[in-house]
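Data block below; observations after.
The values are calculated or read from the model by the stated rules, or taken from the named source; none is laboratory data. The shown structure was predicted, so the numbers you read here are calculated from the model rather than taken from an experiment. Counting neighbours? That spans all protein chains shown, and the Cβs are built from the backbone with ideal geometry, glycine included.
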Amino acid sequence: MEHSVDKQMLIGLFSEFLDPDAILSDEEDLRPYECDGLSCYRRLPWLVVLPDTIEQVQGIVRLCHRHAVPVVARGAGTGLSGGALPLDNGVLLSLAKFNRILDLDPLNRTARVQPGVRNLAISQAAEPCGLYYAPDPSSQIACTIGGNVAENAGGVHCLKYGLTVHNILQLTLMTIEGEIVSVGGSGLDGPGYDLLALMTGSEGMLAVIVEITVKLLPTPEHAQVLLAAFDSVEAAGGAVAAVIAGGFLPAGLEMMDNLAIRAAEDFVHAGYPVAAAAILLCELDGPRRQVRDDVEQVRELLVAHGAGSVRCNKDEPERQRMWAGRKAAFPAVGRIAPDYYCMDGTIPRRRLAEVLKRISEMSAEYSLPVANVFHAGDGNLHPLILYDANRPGELERVEAFGGEILELCVAVGGTITGEHGVGAEKTDQMCVQFNSAELTQFHAVKGAFDRRGLLNPGKAVPTLHRCAEFGAMHVHRGRLPHSELERF
């Protein structure tokens with residue numbers, strides 16, 4: 001879409017209500033915004049604006065709407081799917097200055113926050129009241145709650161406590177026309193359609209989030225982590241299914257394979273057994289007596305399903321170290337390869353062992369190492385494909401490998417994402433996940449909120465034409481039967 005304003009004219013219009021240092025147009029100032037956490041996709045923004053009031057956001061989106069200028073909202077830029085990838089003909093709207101906790105209500109166990117508040121900062125503010133915010137992405141020290149809502153982020157404790165969508169009550173939104181809308185409510189259920197759920201995970205395509213009310217939970221009385229070592233990834237996968245089938249609901253149930261174990265141990269010194277093919281971290285929390293009993297039962301269950309050793313943290317610092325290794329796994333892997341590509345797919349727990357085996361086979365076929373780190377309890381996989389972007393053609397090979405992993409997830413009854421969103425990365429795999437009627441409905445929802453397609457265009461939901469081209473390419477390469485192409 002061609003807009004009706006040049007850059008200097010738009011800067012002049014923004015300057016009527018924004019300070020000069022809140023408008024970035026020089027290349028050296030734009031460069032830090034050229035990508036999010038998926039750094040292999042880069043594009044220099046056309047213009048970046050950094051408002052610090054809702055009125056300024058309103059002025060920005062109204063001008064962009066009037067002149068048909070696309071808008072990409074950005075939080076901390078920690079996303080891993082290219083959802084905040086800027087446009088070379090649009091405005092990047094940074095919400096970094098919206099970093100205030102507006103209200104903390106310990107009686108109702110809620111906090112009202114701006115979108116630029118860091119995830120971890122909410123729990124830190126609530127800690128004196130004996131409360132915390134449950135979703136804890138590994139990037140929680142840096143990622144913002146607005147971005148968490150946009151991607152429906154999870155974390156290592158989402159198995160028991162849910163994703164972002166399960167832990168928020170209300171959103172205040174800015175439409176592309178500049179209207180302010182509230183969705184959700186202060187009770188267990190808001191009136192009307194469940195627009196709160198629709199907006200959570202909408203990746204900035206429907207509205208700009210300007211305020212969030214989150215739920216706070218009481219800090220558990222006691223928590224302990226079991227660290228179980230296995231001689232094979234398949235055995236660890238079987239143990240995951242056994243824990244859930246045994247009637248236990250761990251606060252967290254995470255798996256790491258040997259490559260990830262060694263990288264994390266070298267980086268954090270968490271005390272991981274570096275000779276193990278895989279480890280499980282199983283945290284149980286609640287009343288002290290219940291945790292004690294559950295720990296013993298789960299220990300016996302893990303040993304019965306192949307764990308060569310199982311140990312429990314002796315104190316709180318050791319528990320924190322165990323989790324520190326898992327949460328630092330991504331940067332730790334980054335120390336052992338020039339680049340890595342983090343995938344995000346979800347599968348039924350019962351298919352864990354066979355999917356991990358197939359990923360290992362594909363790793364050999366593509367001659368690309370893979371470190372597996374994932375939320376095993378809910379089947380959310382995070383294979384990290386190691387590569388060197390300086391080698392010609394290697395990124396393209398990585399993308400093909402990653403695409404096959406996502407398509408494998410769909411084939412076994414899963415999905416192409418669990419918590420990272422679709423963004424610019426997985427748009428083609430949306431063509432595998434959904435048929436033409438479903439995609440048409442997605443476009444209708446987009447059109448209801450953003451008729452001109454100005455909010456984060458080109459992301460997440462592919463056109464039917466793109467899916468037809470993608471299907472034809474797969475038939476040509478022998479990766480999809482012709483019957484699959486007919487879906488598009």
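Could you list, in sequence order, the residues of the stretch 373-386 that are at pLDDT 95 or above, more than 16 Å from the chain's Cα centre (by Cα) and crowded, with 21+ Cβ neighbours inside 10 Å? Answer for the stretch 373-386, where residues must be at pLDDT 95 or above, more than 16 Å from the chain's Cα centre (by Cα) and crowded, with 21+ Cβ neighbours inside 10 Å: just I385.
Got a number for residues in the stretch 316-345 being of a type outside the set (K, R), surrounded by fewer than 19 Cβ atoms within 10 Å (Cβ to Cβ) and touching a residue at least 40 places away in the same chain (Cβ under 8 Å)?
8
Tell me, please, whether a residue that is surrounded by fewer than 19 Cβ atoms within 10 Å (Cβ to Cβ), touching a Phe, Trp or Tyr at 6+ places or on another chain (Cβ under 9 Å), in contact (Cβ under 8 Å) with a residue 40 or more places away in the chain and assigned to a helix (DSSP H, G or I) can be found in the stretch 433-446. Looking through the stretch 433-446, at least one residue is surrounded by fewer than 19 Cβ atoms within 10 Å (Cβ to Cβ), touching a Phe, Trp or Tyr at 6+ places or on another chain (Cβ under 9 Å), in contact (Cβ under 8 Å) with a residue 40 or more places away in the chain and assigned to a helix (DSSP H, G or I). Cβ-Cβ distances below 7 Å connect the following pairs, each with a first residue in the stretch 457-486 that is in a loop (DSSP other than H, G, I, E, B), a second residue that is at pLDDT below 90, and a separation of six or more residues or different chains: L480/G471; L480/H474.
For the subset of the stretch 292-315 comprising residues that are touching a residue at least 60 places away in the same chain (Cβ under 8 Å) and part of a loop (DSSP other than H, G, I, E, B), which member is nearest to the chain's Cα centre (by Cα)? My answer is N313. Filter the stretch 274-291 down to the residues that are touching a residue at least 40 places away in the same chain (Cβ under 8 Å) and in a helix (DSSP H, G or I) and list them by number. Listed by number, the residues that qualify are R288, V291. Within the bounds of the stretch 178-200, is there any residue that is in contact with a Gly (Cβ under 7 Å, 6 or more places away or on another chain) and surrounded by fewer than 16 Cβ atoms within 10 Å (Cβ to Cβ)? Scanning the stretch 178-200, I find at least one residue that is in contact with a Gly (Cβ under 7 Å, 6 or more places away or on another chain) and surrounded by fewer than 16 Cβ atoms within 10 Å (Cβ to Cβ), so the answer is yes. Of all residues in the stretch 272-304, those being in contact with a Cys (Cβ under 9 Å, 6 or more places away or on another chain) and either among the basic types (K, R) or within 17 Å of K314 (Cα to Cα) (or both) number 3.
Would you check if R452 is at pLDDT 95 or above, in a loop (DSSP other than H, G, I, E, B), in contact with a helix residue (DSSP H, G or I) (Cβ under 8 Å, 6 or more places away or on another chain) and of a type in the set (D, E, K, R)?
In short, yes.
Evaluated against (1) part of a strand (DSSP E or B); (2) buried (at least 17 other Cβ atoms within 10 Å of the Cβ), R262 falls short on exactly one condition, (1).
So, E203, is that one of a type in the set (D, E) and not in a strand (DSSP E or B) or not? So E203 passes the test. If we scan the stretch 7-18, do we find a residue that is over 30 Å from R397 (Cα atoms) and of a type in the set (S, T, N, Q)? Within the stretch 7-18, one or more residues are over 30 Å from R397 (Cα atoms) and of a type in the set (S, T, N, Q). For the stretch 4-38, a residue qualifies if it is in contact (Cβ under 8 Å) with a residue 60 or more places away in the chain and surrounded by fewer than 17 Cβ atoms within 10 Å (Cβ to Cβ), and the qualifying residues are S4, V5. For A411, the test of being more than 20 Å from the chain's Cα centre (by Cα) and farther than 16 Å from N372 by Cβ is passed. For A241, the requirement of being part of a helix (DSSP H, G or I) and touching a helix residue (DSSP H, G or I) at 6+ places or on another chain (Cβ under 6 Å) is met. Within the stretch 68-79, being over 27 Å from I141 (Cα atoms) and within 14 Å of the chain's Cα centre (by Cα) holds for no residue. Of everything in the stretch 80-117 that is in a loop (DSSP other than H, G, I, E, B), of a type in the set (D, E, K, R) and more than 22 Å from the chain's Cα centre (by Cα), the residue that is nearest to S138 (Cα to Cα) is R100. Filtering A125, A134 for residues that are buried (at least 18 other Cβ atoms within 10 Å of the Cβ), among the small types (G, A, S), at pLDDT 95 or above and within 13 Å of P218 (Cβ to Cβ) leaves a single hit, A134.
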